[in-house]
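Everything on this sheet refers to the single structure shown next.
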Amino acid sequence: MRLWTFLRFMLTVRGRREIDLERIKGMGLLAVKVGQILALRPDLLPPERCLELQGLYQRTHTKQSAPLARLMEANCPPGFAEHFASIDEDPMAAASIGQVHAATLLDGREVVIKFVKDDFEEPFKKDVARMKRWLSAVLFFSPRLRKVGNPMALLNHIETYTLDELDLRNERKGQIRLLEAIDSVKEEFPLERLRFPEIHTDLSSERVLVVERVREPSIEDRIDEGSLGWEDLLQLFRIQGAFMFGLGTFHGDLHPGNAMLSEDGTYTFIDTGAICEAPEHVRAALFGFFEHLARGNLDDAFIAMLGMAATPPTGAKLERYMRDMHVLYDGFVGTSVSEVSLTQQMMKTVRTAVLAGCTFGEEAFPIIRSLMYMDGMVLRSHPDVDLITSMGPHLDAFKAIMPEASVDLPPPKQRSRRAGTPAAS
């Protein structure tokens, strides 16, 4: 992305007018991906602007859909169409990278055909390299910006998962990795309410994917219909939480359009091209933080967060960290997501922890982003729910497959929940 394009992008997302999503799409793939990330970052943009940017995730027709004949000519081998009884001319959906058409195989099975619309890879790599150069220069002269959203780590994360998405063969590879993870804990933590659509590998390639058509509505659809139950959301947290905290291998982009829910409560995960890995110390620290927070054990929660610190704070710095965290979380436990958004709270927590020496590189961001997705789903469908307390029983269940969380720190002075006031002795 050229500097001038980036400036136009920031003017679009930070201006007073309604965000023009088509204009962002016209700025290129990198602009779309940055916009999708900013949609989850109310610490960087006003919440109402984030909600507008979430339109970049929706699976809808766009003005940028490409003719089916051109896509097939550019991407499919001779005789490809002969495997199908029919292929719909009009796309079901067209996004920044791919375009999806409904089709029927000769044996009557319903499938969808996903195409990579254009040669995005080389232009995308050039845009990222260009943006890294001028971002490095900015960070050299203003190093404090590293602590505001961690921009270079964010860009690295966008680059990795976008390049994974551009090779459609990674969707099957992603399924295999998740299935292997499920199989490794099938006795301790069965995930029987999760499935993946069948991918026809004999008809698929780097730029074409033929996959079973999933008729069940997505979480996005159910939120819009008002049919997403609270127990359904808790089940999704149980599944994704097991991958994130227990297994360390998880779907890296599980937004509401990528999880389909059947009437019997079975989830189908789609678009598995971007699978993320969480290092043990990151997931242990975040798990310990949420486990203790759900129980109201604030001191233990704050200490657990320091499991990600490059150099754990001691002495006055540790005391200041604990005091600041108590101020931040005073009255938080027991509140609904409409009163205090987990997304906003996590961003404030990250800032406080960074000042204490915690590092939040790209390895931590996918888990935090997944939690933001969950927070957004709850806020839109069940705004009066106390998400943190509701997570408690499921967090306990994750222990069967969790690594041990430990932080080699001297215990701080015990404090009450009131803004760092020492507890009575």
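One table, with the values for the structure above:
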read-out	value
For the chain, the Rg and Dmax computed from alpha carbons only, in angstrom	22.5, 81
Computed [θ] at 222 nm, deg cm²/dmol, the chain (DSSP H ≥ 4; -39,500 (n - 2.57); rounded to nearest 500)	-14500 deg cm²/dmol
Theoretical FRET efficiency, 1/(1+(r/R0)^6), r = Cβ-Cβ of K317 and S136, R0 30 Å, to 0.05	0.55
Inter-label distance, nm, simple model (7 Å from Cα along the C-beta direction), D232/D396	2.7 nm
Unit charges on C-beta of K, R, D, E only; dipole of the stretch 164-306, Debye	160 debye
FRET E, pair L51, K125, Förster distance 51 Å, beta-carbon r, rounded to 0.05	0.95
Cα long-axis angle, helix 121-141 against the chain (0 to 90 degrees, to the nearest 10)	20 degrees
Within the chain: Cβ-based charge dipole about Cα centre, in debye rounded to nearest 20 (Lys, Arg +1; Asp, Glu -1)	2320 debye
Listed residues F189, I367, A94: farthest to the positive end of the dipole of the chain (Cβ charges)	I367
Of F120, F237, F84, the one that fluctuates the most in a GNM where the chain has Cα springs shorter than 10 Å	F84
Spin-label model distance (nm) - H200 vs E180, 7 Å beyond Cα toward Cβ	2.7 nm
Candidate aspartates and glutamates - alpha carbon under 13 Å from K399, same-chain residues fewer than 8 apart omitted	E188, E291
Inter-site label distance for R17 and K348 at 7 Å from Cα along Cβ, in nm	3.4 nm
³J(HN,Hα), Karplus 6.51/-1.76/1.60, whole Hz, each residue of the stretch 162-168, x for Gly, Pro	6, 5, 5, 5, 6, 9, 5
Relative contact order of the stretch 217-425, defined on C-alpha pairs under 8 angstrom at six or more residues apart (%)	29 percent
Hydrodynamic radius of the stretch 99-255 per Kirkwood, over alpha carbon pairs, in Å	18.8 Å
Where a label projected 7 Å from the Cα of E216 along Cα→Cβ would reach, residues of the stretch 228-250 with amide N under 16 Å	228-241
Folded to 0 to 90 degrees: helix 387-398 orientation relative to the chain principal axis, Cα	80 degrees
Residue of P123, P279, P77 that the Gaussian network model of the chain assigns the largest fluctuation, springs spanning Cα pairs under 10 Å	P77
Rounded to the nearest 20 debye, dipole of the stretch 217-425 from Cβ charges on Lys, Arg, Asp, Glu	1140 debye
Mean Cα-pair separation over length for the chain, i.e. relative contact order, pairs under 8 Å, 6 or more apart, %	15 percent
Volume per residue that the Cα convex hull of the stretch 217-425 spans, once the total is divided by residue count, Å³	112 Å³
Length gained when the stretch D300-E280 is fully extended (0.36 nm per residue, less Cα-Cα span)	5.3 nm
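We did not get these values from a lab; they are worked out from the coordinates using the rules stated. Everything numeric here is computed off the predicted structure, so don't read it as measured data. So basically every Cβ, Gly included, is an ideal-geometry build from the backbone, and we count neighbours across all protein chains shown.
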